[in-house]
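Structure record follows, encoded as structure tokens.
Derivation of every value follows stated rules applied to the coordinates shown; laboratory data play no part. Please read these numbers as outputs of a predicted model, since none were measured by experiment. FYI the Cβ positions are ideal-geometry reconstructions off the backbone, even for glycines, and counts take in every protein chain you see.
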Amino acid sequence: MTRTGIAVRLAALALLVAAPVVLDTYRTFLLTEILIFGLFAASLDLLLGYSGLPSLGHGGYFGVGAYAAGLLALHATTNAFAQILVATGVAAGFAIVTGVFAVRSRGVYFLMLTLAFGQLLWVLALNWSSLTGGSNGIFGIPVATLAGSSRWLAAGDHFYWYTLCSFLVGYALLKLVVLSPFGRALAGIRENEARMGSLGYNVPLYKLAAFTIACSIAGYAGALACQQPKYFSPDGMSFDVSAVAIVAIVIGGQRTLIGAVLGSAFYYVVRDQLSDLLSSHWELALGLVFVLVVYLLPDGLVGGARRLQRRFAR
Amino acid sequence: MTAAAVLAANFFDQNFSSILNGVALGMLIFILAIGLSLIFGLLDVLNLAHGSLYLLGTYLGYSLVEHHGVPFIAAAAISIVFGMGLGFVLALAVWPIRDRGHLDQVLLTLGLFFIVADLVTIIWGRDFHTITPPGFLLQSKQILGHYYPSYRLAVIVIGLVIALVTYLVFERTQLGAILRAAVEDRAMVGALGYNVNAVMLWVLLAGAALATFAGVIGGPIEQVTPGVGNDVLLLALIVVVVGGLGSIPGAFVASLIIGQAESLGVALGQQYGLPQAAPFALFGAMALILIARPAGLFGK
């Protein structure tokens, strides 16, 4: 990492830490949402970008985590860490059971099978009313507690800092996975599955591990997404959620992790700024963004920035 | 008759219209799925804008029949020409990114899908409409002791004819041989002196024309709404994947299964007090088939 690289990262971190001091309550809430969704989108980038496994059902595991955290808060414990841990674990469990089947299929079949699993989880949340509250969702969730007290996370600013820490932990985990020998093997499988197989790598096991890790982090982010508004409904895990995560990755740039976060920020800010204009024609705007990104920005914002950087470095 | 046969006959009697509705829906989806499947097999493009072609076809049919007094059959014929035009536009849009990955093509065609869906609401609004079937098909017909709308029967017949013609063209003509070979190895067919690009363009035009045609004949069955493109695209995608990409017989069998999951699934769900069971039936059927056969029913 170059000296400027370190300086940029430290400056970004300082800005993120100081943000609630400068921003008003509403914008702090928005930034919290961006961090949560950004982590979710980054976990999908591990699958879609790094492992070459484009899942259309990632929102389902986000929802599994959110429901796990919310139901735990309602019926068992308000401890924030316990909720995150259980959410991550339950999402991992669902991921292993479905992933065993998903990783056997390739390409478009993988797309469609993950779509089916995501939709089935969504339908399950919608219909298992005694547990999930059906389409109304779960509400009246108590504030998550740290060290046995709810005063830490009651205020929006405090919740933001808690989310920032959780985000950094989750993001660091993803980064470690990507940079590890395991991550290199995933890249190898993405580029040439047959060769990795003949080199002795257990390809299905590697894919299943990648799928499970990505879905666990999605569940981890889901827990935060339930703790922030203290509410969760099936809308929060519908196909749209998975699609927006893909949009965020494509806008930001695949295979960068940070691109997924920047893309999420871009999506949330644009949607927030243009909500009046877009409320009637957001499909048109979204469609135009897709088309423009595909033709003009094939590597996303991060790729564009890197090209710009190279031009100036010359 | 054994007890099981009696039970089956009773079940068939009770759910007669649901089962036939499922067949009609299946045929409609099949007409759409042929194009989707061939465009993927030959051009390697997963065309999510296929639902938009259906959508534009159905609104074109609605405008022509309901507002301009064009006879239904003429509107269906016009929609075929219209669809070929749209297919040409699609070819131009996809051409610059033909060598990029599937994800880019998915994004581009999904973007076009969103744009068309919104433009349709701008032009035609969000109201629900329907297309009146041609006069000679307005009556119900008695079949196996039940009355059933003759228009839906006609759709079933059209679907069967298209299935047969596609099968014969594919298996018995030289064009079919070139198409099958090109699905396997495009470069090799090109090396043999055939103009693969022209074949690919024609497949796109034909697939698009079938989709807009399906939009018109589907108008009287499915409603004419901005969301219908979404519904039929999802069903057609499921059919193509369940049947096995590039396989016409596979798409045919899968259409029948998915049509029943949609129609009979809803009917049985309501009979047994589970109104939301239909999505379970649909996605459950797809998940089960893909778990048992990861490359689809007829896939390799």
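Treating only the Cα positions of chain B as identical point scatterers, give the base-10 log of I(q)/I(0) from the Debye formula at each q in 0.11, 0.14 Å⁻¹.
-0.68, -1.09
Principal axes first, then extents: for the Cα atoms of chain A, list largest minus smallest coordinate on each axis, whole Å, largest first.
51, 45, 43
Hey, what did chain B get for relative contact order, percent, Cα under 8 Å, at least 6 apart? Display every interim value, and only then the final one.
On the way: 425 pairs, mean separation 104.8, N = 300.
Computed value for chain B: 35 percent relative contact order.
Apply the Karplus parameterisation 6.51 cos²θ - 1.76 cosθ + 1.60, with θ equal to phi minus 60°, to every residue of segment A:59-70 and state each ³J(HN,Hα) to the nearest whole Hz, in sequence, with x for glycine and proline.
Going residue by residue, I get x, x, 6, 4, x, 4, x, 5, 5, 4, 5, x Hz, with x marking Gly and Pro.
Using the Cα gyration tensor of segment A:78-183, with a ≥ b ≥ c the square roots of its eigenvalues, what is the shape: rounded (a/c below 1.5), prolate (a/b larger than b/c) or oblate (neither)? Please list the in-between numbers first.
Values: a/c = 2.75, a/b = 1.30, b/c = 2.11.
Oblate shape, in that a/c is at least 1.5 and b/c is the bigger or equal ratio.
Based only on Cα atoms, what Rg/Rh ratio does segment A:129-199 have, Rh being taken as Kirkwood's radius?
On the way: Rg = 20.6 Å, Rh = 16.3 Å.
Expressed as Rg/Rh, it is 1.27.
For segment B:93-183, just the Cα set please: Rg and Dmax, both in angstrom.
20.7, 56
Ignoring everything except DSSP H segments at least 4 long, calculate the 222 nm mean residue ellipticity for chain B; use -39,500 (n - 2.57) per segment, divide by total residues, nearest 500.
Value at 222 nm, helices only, nearest 500: -24500 deg cm²/dmol.
Would you list the P(r) distribution for segment B:27-71, with all Cα-Cα distances sorted into 5 Å bins from 0 and each bin expressed as a whole %?
For segment B:27-71, the binned pair fractions read 5, 20, 21, 19, 14, 10, 7, 3 percent.
Please list the non-local residues whose amide H lies under 5 Å from the amide H of B:LYS141, H modeled 1.01 Å from N, same-chain partners needing a gap of 5 or more.
B:TYR148, B:SER150
Excluding residues on the same chain fewer than 8 positions from A:LYS175, give the aspartates and glutamates whose Cα lies under 13 Å from its Cα.
A:ASP45
Using R₀ = 51 Å, calculate the FRET efficiency as 1/(1 + (r/R₀)^6) where r is the Cβ-Cβ separation of B:VAL89 and A:ALA154; round to 0.05.
On the way: r = 56 Å, r/R0 = 1.09.
Here the calculated transfer efficiency is 0.35.
Specify the inter-centroid distance of segment A:183-209 and segment B:132-187, based on alpha-carbon positions, in whole Å.
44 Å
Can you give me the distance in nm between label points at A:ALA194 and B:ALA191, each placed 7 Å from the Cα along the Cα-to-Cβ direction?
1.5 nm
When averaged across all projection directions, what area in nm² does the alpha-carbon convex hull of segment B:1-47 cover?
Numbers: hull surface 19.0 nm².
Averaged projected hull area, Cα only: 4.8 nm².
Residue by residue, what Karplus-based ³J(HN,Hα) values in Hz, rounded to whole numbers, does segment A:285-296 have, using 6.51, -1.76 and 1.60 with θ = phi - 60° and x for Gly and Pro?
Karplus-based 3J(HN,Hα) across segment A:285-296 equals 4, 4, x, 5, 4, 4, 4, 5, 4, 5, 7, 9 Hz.
Would you calculate the separation in nanometres between label points at B:ILE19 and B:TYR167, each defined as 7 Å from the Cα along the Cα-to-beta-carbon direction?
Label-label distance for B:ILE19 and B:TYR167, simple model: 2.0 nm.
Contour minus end-to-end for A:PHE139 and A:ARG307, with contour as 0.36 nm per residue of separation and end-to-end as the Cα-Cα distance? Write down the numbers at each step before the final one.
On the way: separation 168, 0.36 × 168 = 60.48 nm, distance 4.65 nm.
Working it through step by step, the gained length comes to 55.8 nm.
Which value, to two decimals, describes the C-alpha radius of gyration of segment A:1-145 once divided by 2.2 N^0.38 Å? Display every interim value, and only then the final one.
Numbers: Rg = 18.3 Å, N = 145, 2.2 N^0.38 = 14.6 Å.
Compactness ratio reported: 1.26.
Distance from the Cα centre of segment A:38-87 to that of segment B:47-117, in angstrom?
The two parts, judged by their Cα centres, are 37 Å apart.
Can you bin every Cα-Cα distance in the protein assembly as shown into 20 Å intervals starting at zero and give me the percent of pairs per bin, rounded to whole numbers?
Pairs per bin, as whole percents: 18, 50, 28, 4, 0.
Tell me the mean residue ellipticity at 222 nm calculated for chain A from its helices only (DSSP H runs of n ≥ 4, each -39500 (n - 2.57), averaged over every residue, nearest 500).
Numbers: 14 runs with 239 residues, N = 314.
Computed ellipticity for chain A at 222 nm equals -25500 deg cm²/dmol.
Using only alpha carbon pairs under 8 Å that are at least six residues apart, calculate the relative contact order of segment B:84-172 and give it in whole percent. Spell out each step's value before the answer.
Details: 24 pairs, mean separation 10.2, N = 89.
Relative contact order comes out at 12 percent.
Efficiency by 1/(1 + (r/R0)^6): what FRET value for A:LEU296 and B:ALA177, r their Cβ-Cβ distance, R0 = 25 Å, to the nearest 0.05? If you can, show how the numbers build up before the last one.
Values: r = 41 Å, r/R0 = 1.63.
Rounded to the nearest 0.05, the efficiency is 0.05.
Normalised by the number of residues in segment A:161-264, what is the relative contact order in percent for Cα pairs under 8 Å and 6+ residues apart?
15 percent
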